[in-house]
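Below: the structure, in structure tokens.
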Amino acid sequence: MKLFLDTAEIDEIRTGVRWGVIDGVTTNPTLYGKIEGMTYDEVLQEICRITPGPVSAEVVADDVEGMLGEGRHFAKLADNIVVKVAMSENGLEAIKRFRAEGIKTNCTLIFSANQGLLAAKAGASLLSPFVGRVDDTNEEGMIVVRELAEIVNFYDLDAEVLAASIRGPRHVTESALAGAHIATLPFKVLKQMVHHPLTDVGIVQFKKDWEAARAAIAAKSGKATDSTPEAVGAKA
Ligand code: E4P
């Protein structure tokens, strides 16, 4: 399963890429609004430079020609740009035309399997059902991810399901189990996935035990010993 970062923060993306776990990035106008001192184009170019996979850039026009104009502009910024288009009648037409021009699209704001099916038929390569926003309405957002993944696999459609609007680590596990090809997550969720209280306790305990063992050996031999693993390794 691929993991994307859902952010426009360059430092967060650098960190995730350094950890070796990030396959792409999704941005949107809200996420860009949190960045200071750079244009959207500059932000996108830098993200595309440091990201190993697709980077979604969202158009905001409502009309087909406007969407095409914004999307063509983004597509020229870098080879790994994917144009993000909101689900709508005009959005479907724009997706179809982008496809004909060889520009990849991510259909966003999907809230039903039918919307996802239409987006795939129009030619979107990424289908983004929003999980958290549905959960917020007291419904189960993961149902759409599961249904859409089943449809895409059943008909072998040329599209990937990208679980979006992820609010916590459990959403990532559930997206993977539901068959999503990708989940896009805020950096905070990525960090939550790394940690577990028992892992942290275990690391502290192993270090303590190591130091106690070295101190015991030193006491037996009557010598003070540098008990760091580096020093022990150097002496071996
Ligand atoms: C990503 O492509 C979406 O724009 C994003 O996941 C939406 O997340 P939110 O519902 O937390 O704003």
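Could we say that residue 36 is part of a loop (DSSP other than H, G, I, E, B), out of contact with any helix residue (DSSP H, G or I) (no Cβ under 8 Å at 6 or more places or on another chain) and either acidic (Asp, Glu) or more than 14 Å from the ligand (Cβ to nearest atom) (or both) here? Break it down into steps so the answer makes sense when it comes.
Working: part of a loop (DSSP other than H, G, I, E, B): yes; out of contact with any helix residue (DSSP H, G or I) (no Cβ under 8 Å at 6 or more places or on another chain): yes; either acidic (Asp, Glu) or more than 14 Å from the ligand (Cβ to nearest atom) (or both): yes.
Judged against the criteria, residue 36 is a match.
Considering only residues that are under 17 Å from the mean Cα position of the chain (by Cα) and not small (Gly, Ala, Ser), which ones fall in region 37-69?
Scanning region 37-69 gives 43, 44, 46, 47, 48, 49, 50, 51, 52, 54, 55, 58.
Do we have residue 12 as of a type outside the set (A, V, I, L, M) and outside any helix (DSSP H, G or I) here?
So residue 12 does not fit the description; no.
Only one residue in 200, 156 is modelled with pLDDT under 95, more than 18 Å from the chain's Cα centre (by Cα) and not small (Gly, Ala, Ser). Which one?
Testing whether each residue is modelled with pLDDT under 95, more than 18 Å from the chain's Cα centre (by Cα) and not small (Gly, Ala, Ser) leaves just 200.
Which one is nearest to the ligand (Cβ to nearest atom) among residues in region 107-118 that are out of contact with any helix residue (DSSP H, G or I) (no Cβ under 8 Å at 6 or more places or on another chain) and open to solvent by 20 Å² or more (accessible area, probe 1.4 Å)?
Taking the candidates together, the pick is 109.
Take the residues in region 145-173 that are in contact (Cβ under 8 Å) with a residue 40 or more places away in the chain and farther than 15 Å from residue 110 by Cβ, then tell me which one is farthest from the ligand (Cβ to nearest atom).
172
Would you confirm whether any residue within region 206-214 is closer than 28 Å to residue 24 by Cα and open to solvent by 70 Å² or more (accessible area, probe 1.4 Å)?
No; the residues of region 206-214 include none that is closer than 28 Å to residue 24 by Cα and open to solvent by 70 Å² or more (accessible area, probe 1.4 Å).
Among the residues in region 29-36, are any over 21 Å from the mean Cα position of the chain (by Cα) and more than 20 Å from residue 181 (Cα to Cα)?
Taking region 29-36 and keeping what is over 21 Å from the mean Cα position of the chain (by Cα), we get 36.
Pick out the ones that are also more than 20 Å from residue 181 (Cα to Cα) and you get 36.
Checked region 29-36: at least one residue is over 21 Å from the mean Cα position of the chain (by Cα) and more than 20 Å from residue 181 (Cα to Cα).
Within region 178-206, track down each residue that is among the polar types (S, T, N, Q) and assigned to a helix (DSSP H, G or I).
192, 199, 205
Here is a list of conditions, (1) open to solvent by 20 Å² or more (accessible area, probe 1.4 Å); (2) more than 17 Å from residue 10 (Cα to Cα); (3) of a type in the set (Gly, Ala, Ser); (4) within 16 Å of the ligand (Cβ to nearest atom), and residue 71 meets all of them except one; can you say which number that is?
Going through (1) open to solvent by 20 Å² or more (accessible area, probe 1.4 Å); (2) more than 17 Å from residue 10 (Cα to Cα); (3) of a type in the set (Gly, Ala, Ser); (4) within 16 Å of the ligand (Cβ to nearest atom) one by one, residue 71 breaks only (1).
Quick one: count up the residues across region 124-169 that are closer than 25 Å to residue 101 by Cα and surrounded by fewer than 17 Cβ atoms within 10 Å (Cβ to Cβ).
Count: 3.
Mind telling me which of the residues 84, 121, 96, 76 ends up being among the basic types (Lys, Arg) and buried (at least 19 other Cβ atoms within 10 Å of the Cβ)? If you could, list the steps in order and put the result at the bottom.
Numbers: 121 fails: buried (at least 19 other Cβ atoms within 10 Å of the Cβ); 96 fails: buried (at least 19 other Cβ atoms within 10 Å of the Cβ); 76 fails: buried (at least 19 other Cβ atoms within 10 Å of the Cβ).
From the options 84, 121, 96, 76, the qualifying one is 84.
The values are calculated or read from the model by the stated rules, or taken from the named source; none is laboratory data. These figures come from a predicted structure and were not determined experimentally. With ideal geometry, Cβ positions are generated from the backbone for all residues, glycine too; neighbour counts draw on all protein chains shown. Accessible surface areas use protein heavy atoms only, side chains included; no ligands, DNA or RNA. Shrake-Rupley method; radii C 1.70, N 1.55, O 1.52, S 1.80 Å.
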